[in-house]
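Following: one structure in structure tokens, then a few remarks.
The values are calculated or read from the model by the stated rules, or taken from the named source; none is laboratory data. Predicted model only: the values in this text are computed from it and were never measured. With ideal geometry, Cβ positions are generated from the backbone for all residues, glycine too; neighbour counts draw on all protein chains shown. Areas reflect the complete protein model, heavy atoms only, side chains present, ligands, DNA and RNA absent. Shrake-Rupley method; radii C 1.70, N 1.55, O 1.52, S 1.80 Å.
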Amino acid sequence: MLIIRSVKQLVKAIDRLKKEKKRIGFVPTMGFLHEGHLSLVRRARKENGCVVVSIFVNPIQFGPTEDFARYPRSISRDRQMLEKEHADILFLPEVNEIYPKGFNRYVQPGLLAKGLCGRKRPGHFRGVTTVVNRLFELVRPDRAYFGKKDYQQAKVIEAMVKRLGVKVKICLCELIRDFDGVAISSRNQYLSPEERIRAKALYQSLKKARRLIQSGIKDISHIRSELEAFLKAHVDQIDYVEIVNSENLKPLKRISGRVLVAIACFVGRTRLIDNRVIKG
Ligand code: AMP
């Protein structure tokens, strides 16, 4: 696996791959890799001649009170995991490579970024669309892989690519859960053993949502209050519990078609998200 730290070197390597007519599959990450990330890498490996993975903790997608400085990092472990998955290139840029002096090509995230995490984390999705667009320009992938763990992010990126006419296929990958149902996340490592047990409540509340919806209940405010009451018993703070249209992410009053149930909660100081698409 080639490890590349500079934009100049990356551009050269990608030029070479393009000349060889290799299909490039790209997996952007913030590192501290786990089975969720690896599921994306494995799919990219199957579907492309060349796999590029980036690890970049993007400062502009973190709010001033968020965990940028303490975000977990473990490059040597990540590197070994990617070697095992036969990734071809690991791109590991410093901040000044991605955002050189005078950088001003920020990308607006569009309407899909208005609700859910977008409302709770102002500026977050602008940071995400800006970095992903910049990485797309550098890596020039044929396909890029995103997890449904960050469902809204994946939808925002799909819309961005469409709007800007970027020629890349966005591939959405299933959310990977731990043995006990907890959505795997780099941030889970912040949790104490006791918090880790309470974190199960997010997944359990999604299962509850499925039961309620499949029993024929249509009134969303009723379902939300049931979920909130359940979550309150386990988590320290509910950031949001929302039920929206699974495609345009618009709020609904009644269940109709495929809905996204999306949850964000604090367990201790750690903000966790989870979601599930449910057919009404
Ligand atoms: P991150 O490093 O958290 O920015 O995540 C990088 C990519 O991995 C994003 O597309 C995430 O949605 C995806 N990802 C993270 N955790 C999971 C998971 N548990 N299941 C599926 N994809 C995931």
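Key figures for this structure:
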item: Degrees, to the nearest 10: 124-139 long Cα axis against longest axis of the chain; result: 30
item: At most 10 other Cβ within 10 Å, DSSP loop - trypsin sites (Lys or Arg not before Pro), the range 8-64; result: Lys21
item: Percent antiparallel among DSSP beta bridges (both partners in the chain, rounded to 5); result: 50
item: Hits among aspartates and glutamates - C-alpha to C-alpha of Lys84 under 14 Å, sequence gap 8 or more where chains match; result: Glu35
item: Per residue solvent-accessible surface (Å²) - the chain, probe of 1.4 Å; result: 49
item: Difference of contour (0.36 nm per residue) and Cα-Cα distance, Ile3 to Ile217; result: 71.8 nm
item: Crossing angle, helix 151-164 versus the chain [Cα axis fit, 0-90 degrees, rounded to tens]; result: 50
item: Share antiparallel - DSSP beta bridges, the range 44-189, percent rounded to 5; result: 10
item: Residue-averaged [θ]222 nm for the chain, counting only DSSP H segments that reach four residues, each worth -39500 (n - 2.57); result: -12000 deg cm²/dmol
item: Fully extended contour minus Cα-Cα distance, from Arg16 to Glu47, at 0.36 nm per residue; result: 9.2 nm
item: With every protein chain in place, the range 26-65: carbon and sulfur % of accessible area (1.4 Å); result: 57
item: DSSP bridge orientation in the range 125-264 - percent antiparallel, rounded to nearest 5; result: 65
item: Rounded tilt (10° steps) of 7-19 against the dominant C-alpha axis of the chain; result: 80
item: Surface accessible to a 1.4 Å probe, Leu40 within the full protein complex, Å²; result: 20
item: Whole-number Å³ per residue for the convex hull built on Cα positions in the chain; result: 131
item: Amide hydrogen neighbours beyond the local backbone of Phe68, cut-off 5 Å, H modeled; result: none
item: DSSP-loop trypsin sites (Lys or Arg not before Pro) across the range 56-142, with at most 15 other Cβ within 10 angstrom; result: Arg70, Arg73, Lys101, Arg105, Lys114
item: Lysines whose Cα lies under 26 Å from that of Lys101, excluding same-chain neighbours fewer than 8 positions away; result: Lys8, Lys12
item: Simple spin-label estimate for Lys279 and Phe266 in nanometres, 7 Å along Cα-Cβ; result: 3.9
item: Length-normalised contact order for the range 153-233 - Cα pairs under 8 Å, 6+ apart - percent; result: 20
item: At most 15 other Cβ within 10 Å, DSSP loop - trypsin sites (Lys or Arg not before Pro), the range 230-280; result: Lys253, Arg269
item: Where Rh is the Kirkwood radius over Cα pairs, Rg/Rh for the range 186-275; result: 0.99
item: Proximal charge balance of Ser256 [Cβ under 14 Å; K/R count +1, D/E count -1]; result: +4
